[in-house]
Amino acid sequence: MNYFYFPLEQWTNTFVNEWFLPTFSSAFESISVVLNSFVDFVTNTLLFIPAELFTLILVLIAWRLGGKGLAFFTLIGMLYLGSVDIWEESMNTLSIVIVSTFVSLVIGIPVGIFSAMNNKIQAVVRPTLDFMQTLPSFVYLIPAVLLFGLGGVSAVIATFIFAAPPAVRMTNLGIRHVPKEVIEASKAFGSTSKQLLFKVQLPLAVPSIMAGVNQTIMLSLSMAVIASMIGAPGLGATVLTSISRVNIGLGLVGGLGIVVLAIILDRITQGIGQNTK
Amino acid sequence: MSKISVSQITKVFGQNPKQGLERLNQGYSKDEILADTGNTVGVNQASFNVEEGEIFVIMGLSGSGKSTLIRLVNRLIEPTSGQVYIDDEEITNMNKEDLIEARRQKLGMVFQNFGLFPHRTVIGNVAYGLEIQGVEKEEQIEKAKQSIVDVGLNGYENSYPSELSGGMQQRVGLARALANDTDILLMDEAFSALDPLIRKDMQDELLRLQKRLGKTVLFITHDLDEALKLGDRIAIMKDGQIVQVGSSEEILENPANDYVSNFVKDVDRSKVLDASQVMRRPEVLTTYKNGPRTAVRKMEEFGASSIFVVDRDERFQGLLTIDDAIRSHKEDIPMEDVLKQDIHKTTPDTPLNDLIGIAVETKYPIVVLDEDNKLLGIISRVSILSGLVLGKEHDEEVTEA
């Protein structure tokens, strides 16, 4: 099939190295600084809180939103993280999850709202999301490292690309699924578009948006191992080490840690979604 | 000045509505335009006026464009051409802000599937219109509570719509429209989703509220019985056009074309016709100048075995049978004392429906009296039956067609 040679590789490299990076490096530098201090702040806060107090708070939240069973599971899970000595790694992973979820939602929910309001925006947004979700994550790890260097910030960016689409999609879907007659009623009584959005569409879309938030968190966690390849600290790094040393035990310890965090975060966010229905 | 005035309003749905509009003006039909341009004509040059305090019903089958038409009035759907005026203010050329203000101040709306906000309580739903206008919280609650009482839902303020039955949900819908205290209520098939008994309740409720509050109501329905019951005037729609506007009697008695006459053919006339429309004037005997002898002679003359008796002011006295007349004459009893009094009496606006049962049981005709007891007419079994079958005499041809 090679009737002609298409030098995509060379062109991309030339484009990125000779124009893109020199032109935008300062912009990326500042993004990097902001995100880095955000990640550091969250990590330091999580590590500053005594493990016992953190456990207590999390158990109470779990109890409130998920019931007794979840509270009990949370307690056991936290005891596990402490007793296999991966507390610090867990907090590192958690802070990357928190920051990348935050970034995903801050960008994703408004994009979801705009694409629900306007079919032209949706026509652009949808293929972009497809692209973000299907492109193998290793491919965008490289530019992330090029632009932001090794470490937590690149991990947040890569995680954002992977985890933001559900937030956009579910927000869009939730707003579009508000019954037509309810929207007509709101308009017929003289709502402005802002009142329609904030008093009717968004409140009714909350269950759907919360399902998106839940998915975003889950995808962030599943990026933890991959992100550790570009130097993100945390449970992913533990797993990565276990692979390079062929240490099955260490792999299980780190892997179970990710599972524990995943279950707790999943059930708590589902609880929030259900409470608002 | 009409409360609502709609002039030549037209809505063409599709990619290129202007093209569809041109063809409409050239006189092409709805089907031809759909075939040629792919445009759907929703409403075709509809014009009508609704007067203050009137219930104006737009009646048509599904697809006739009636729901589009009501949405053109408050511009939930933008018209392709034509004008709508509310209180002589043109709605159709208003900017966004003025339109929102007009919707808030002048136009309440009730929807077929209620359109309630599921995340708000009953009072939250009812207060919505006031809330978005920025009315003080206490005033919102006070007005909302008043409308909730008006529709008979007090005690349910803090329930959610999903906890209520269909009929109660539509009461919330009605209360929400009343709370804004607009002069006009737009009701889009408001009772169509309710089962027949609840629907009847709601119709009565609406008539009562309308009487008390004097709202101007534009009511959409596909149910002719409902239209005839509620409407002071009725517009019949077909294929996006208004084919006839008139009172229920006008429409029943003088259908504008075959479509309308076909439509009203099966109507339950007993609900529409009232006593005054089927009664006939009887031969009467006036007490002050006629004695029993004259009575007997009159009965012979008309071949009847009884006659109705009135006093000099035409007030109903009773029924005189031939036997009693002879007895009065022979035994010299005053005629007043032998009159039969156990005659069923009714008022001219009583629906025929209510008289059928009585007519079956009583052996004498029913008498129709006005508020001063004046004898207006009598209704025999025969006249009830012929009324049901034929309407009034002159639409015989229609019903046979």
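The values are calculated or read from the model by the stated rules, or taken from the named source; none is laboratory data. Computed from a predicted structure; not experimentally measured. Here the Cβ positions follow ideal geometry from the backbone for every residue, glycine too, while neighbour counts run over all protein chains shown.
In table form, for the structure just shown:
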read-out	value
Some residue of region B:241-264 being touching a residue at least 60 places away in the same chain (Cβ under 8 Å), in contact with an Asp or Glu (Cβ under 8 Å, 6 or more places away or on another chain) and in a helix (DSSP H, G or I)	yes
Test: B:D258 is surrounded by fewer than 20 Cβ atoms within 10 Å (Cβ to Cβ) and within 22 Å of B:N44 (Cα to Cα)	yes
Scan of region B:130-139 for residues that are within 13 Å of chain A (Cβ to nearest Cβ), over 11 Å from B:R176 (Cα atoms) and in a helix (DSSP H, G or I), ordered by number	B:E131, B:I132
Any hit, region A:193-204, residues being within 25 Å of A:S104 (Cα to Cα) and touching a Gly at 6+ places or on another chain (Cβ under 8 Å)	yes
Qualifying residue in region A:201-212 (condition: more than 14 Å from every other protein chain (Cβ to nearest Cβ) and either assigned to a helix (DSSP H, G or I) or among the hydroxyl-bearing types (S, T, Y) (or both))	yes
Unique residue being free of Cβ contacts under 8 Å to residues at least 40 places away in the same chain and of a type in the set (S, T, N, Q) when the list is B:T37, B:T10	B:T37
Some residue of region A:121-133 being surrounded by fewer than 17 Cβ atoms within 10 Å (Cβ to Cβ), of a type in the set (F, W, Y) and at pLDDT below 95	yes
Tally, over region B:109-124, of residues that are under 28 Å from the mean Cα position of the chain (by Cα) and either more than 7 Å from chain A (Cβ to nearest Cβ) or among the hydroxyl-bearing types (S, T, Y) (or both)	4
Options A:F4, A:F54: the member that is of a type in the set (F, W, Y) and within 29 Å of A:Y140 (Cα to Cα)	A:F4
Residues (surrounded by fewer than 19 Cβ atoms within 10 Å (Cβ to Cβ), within 34 Å of the chain's Cα centre (by Cα) and either at the interface with chain B (Cβ under 8 Å from one of its Cβ atoms) or among the polar types (S, T, N, Q) (or both)) located in region A:182-194	A:T192, A:S193
Search result, residues across region B:166-182 that are surrounded by fewer than 20 Cβ atoms within 10 Å (Cβ to Cβ) and either within 19 Å of the chain's Cα centre (by Cα) or of a type in the set (G, A, S) (or both)	B:G166, B:G167
Any pair with Cβ under 8 angstrom, 6 or more apart, that starts in region B:47-62 at a residue that is under 21 Å from B:V260 (Cα atoms) and ends at one that is among the aromatic types (F, W, Y) and not in a strand (DSSP E or B)	none
Every residue from region B:48-80 that is away from chain A (no Cβ under 14 Å), assigned to a loop (DSSP other than H, G, I, E, B) and under 21 Å from A:K187 (Cα atoms)	B:G65, B:P79, B:T80
Hits in region B:18-70 - residues which are among the charged types (D, E, K, R) and crowded, with 23+ Cβ neighbours inside 10 Å	B:K66
Residue tally, condition surrounded by fewer than 17 Cβ atoms within 10 Å (Cβ to Cβ), in a loop (DSSP other than H, G, I, E, B) and of a type in the set (V, I, T), over region A:221-277	2
Test: residue in region A:239-259 that is under 28 Å from A:L173 (Cα atoms) and not hydroxyl-bearing (S, T, Y)	no
The listed residue being at pLDDT below 90, touching a helix residue (DSSP H, G or I) at 6+ places or on another chain (Cβ under 7 Å), surrounded by fewer than 23 Cβ atoms within 10 Å (Cβ to Cβ) and part of a helix (DSSP H, G or I), out of B:K200, B:K229, B:K143, B:K211	B:K229
Selected residue (only one of B:Q105, B:Q83, B:Q45 is within 14 Å of chain A (Cβ to nearest Cβ) and either over 20 Å from A:S193 (Cβ atoms) or not in a loop (DSSP other than H, G, I, E, B) (or both))	B:Q105
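Conditions (1) in the same structural domain as B:L375 (by TED's automatic domain parsing); (2) outside any loop (DSSP other than H, G, I, E, B); (3) exposed (fewer than 15 other Cβ atoms within 10 Å of the Cβ), marked per residue:
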{"residue": "B:P282", "(1), (2), (3)": "yes, no, no"}
{"residue": "B:V296", "(1), (2), (3)": "yes, yes, no"}
{"residue": "B:E300", "(1), (2), (3)": "yes, yes, yes"}
{"residue": "B:R312", "(1), (2), (3)": "yes, no, yes"}
{"residue": "B:D323", "(1), (2), (3)": "yes, yes, yes"}
